[in-house]
1. Just order 226-233, 244-251, 88-95, 53-60 by mean Cβ neighbour count inside 10 Å, highest at the front, would you?
2. Relative contact order (percent) for the range 54-177, with alpha-carbon contacts under 8 angstrom and 6 or more residues of separation?
3. Rounded to the nearest 5, what % of the DSSP beta bridges within the range 54-177 are antiparallel ones?
4. Output the peptides 127-140, 102-115, 296-309 sorted from most to least packed, where packing is the average of other Cβ atoms within 10 Å over each peptide's residues.
5. Can you give me the distance in nm between label points at ASP313 and ASP263, each placed 7 Å from the Cα along the Cα-to-Cβ direction?
6. Around LEU123, with a cut-off of 14 angstrom between Cβ atoms, what is the net charge of the other residues, counting Lys and Arg +1 and Asp and Glu -1?
7. Can you compute the label reach from VAL124? Point 7 Å from Cα along the Cβ direction, backbone N cut-off under 12 Å, restricted to the range 67-83.
8. Based on the mean of other beta carbon atoms within 10 Å per residue, what is the order of 73-85, 156-168, most packed first?
Amino acid sequence: MTARRWHVRRSVLRSGSLWLAALGAMMIVAATAACRRAGPAASEPPSSAPGPRLAVLAPGLASTIRYLGRADTMVARHGFDAWSPSSIAVGGDQAGIDYEVLLRVAPTHVLLQWGERALPERLVELAASQGWQVRSFPLLTLDQVAKAADEVRDSVLAPSMSVESAAKMPRLSEELAAALTPRPERAAAGRVLLLAAVSPPAALGPGSYHHDMLLRLGGTSAAADLGAYASLDVEDVIARAPGAIVLILPRAAGGEASETPSDRRAKEALGPLALETIPAVRAGRVVLINDSEGLVPGPGLLRVARELSAALDAWSTTAPEGAPR
């Protein structure tokens, strides 16, 4: 690769607009096999029972509701949310909101990940006339994901619960902090390359929550000079000579975990990167994180953090021969 080509690639990948687009791509990758968009499912008529009725139009926020143990409050879901029950009506996605569905399910709250765009005028008008509370949460960083979960817990769900029941709900910020306790000895694992795809290789660098996890755990990145979601060539990976590789390749939503040994699955998942010229491959330092919500900005990242932590601990005793430190 020429120096000019590499410079152009890095400049483009660092742009904020591409990161937003990449985030959407990562979400679709996570759901590909089971996220065919469904039409609005039949939904129960509005209930007169007290408590929130949530139209949760973001898969990460729906994951948060399930993590908090209150999936029963959801009355509408995002078009690509393949993790929530299919019986819940589809209320739209980033391309548009189905207002007929929202009017039918009569939510008390509409929860979205709408980004920096202004909320749709029609949504704002209906919210005012129907008494809906509309909340849009940014979910682009690990801290934002944790903060959103805590806000949903404390300001959306807890007010309708008894003090005792509300106190039993987990707090994601605390669980993430505990799972991401740094250990200096993890630097001995060498330079770690996080990948969200292998054909072509897609590295997770600064600006992604996965890269943030790696650094908070005390690991060393092999993609510190890249963007949040950087497309590479096989030659790029060879040149970086990572001492370890972590593949975050979610299985389909609802899919069962494979019984194949994890080390063999990881090697098979490498695809075109299964090359002995790469120190991580030569030393067998490749881990596959196959969590179905591994790329969704929600509590699934807690499980990813724990698996990443365990991998770094296993690698921290020695560094693979020939790997840059």
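Since every read-out is calculated from the coordinates, none of them should be taken as a lab result. This one's a predicted model, so the numbers in the text were calculated from it and none came from an experiment. With ideal geometry, Cβ positions are generated from the backbone for all residues, glycine too; neighbour counts draw on all protein chains shown.
1. Numbers: 226-233: 22.0, 244-251: 23.6, 88-95: 20.0, 53-60: 26.8.
Per-residue mean Cβ counts within 10 Å order the peptides as 53-60, 244-251, 226-233, 88-95.
2. Numbers: 164 pairs, mean separation 27.8, N = 124.
Worked out over the range 54-177, it gives 22 percent.
3. Values: 2 of 15 bridges.
If we restrict to bridges inside the range 54-177, about 15 percent are antiparallel.
4. Numbers: 127-140: 15.8, 102-115: 20.5, 296-309: 22.8.
Ranked from most to least packed, the peptides come out as 296-309, 102-115, 127-140.
5. With each label placed 7 Å out from Cα toward Cβ, I get 1.9 nm.
6. Numbers: positive: ARG117, ARG122, ARG135; negative: ASP93, ASP98, GLU100, GLU121, GLU125.
My count for the surroundings of LEU123 gives -2.
7. In the range 67-83, the label zone of VAL124 (backbone N under 12 Å from the point 7 Å along Cα→Cβ) covers no residue.
8. Working: 73-85: 23.7, 156-168: 13.2.
Highest-to-lowest ranking by the protection proxy: 73-85, 156-168.
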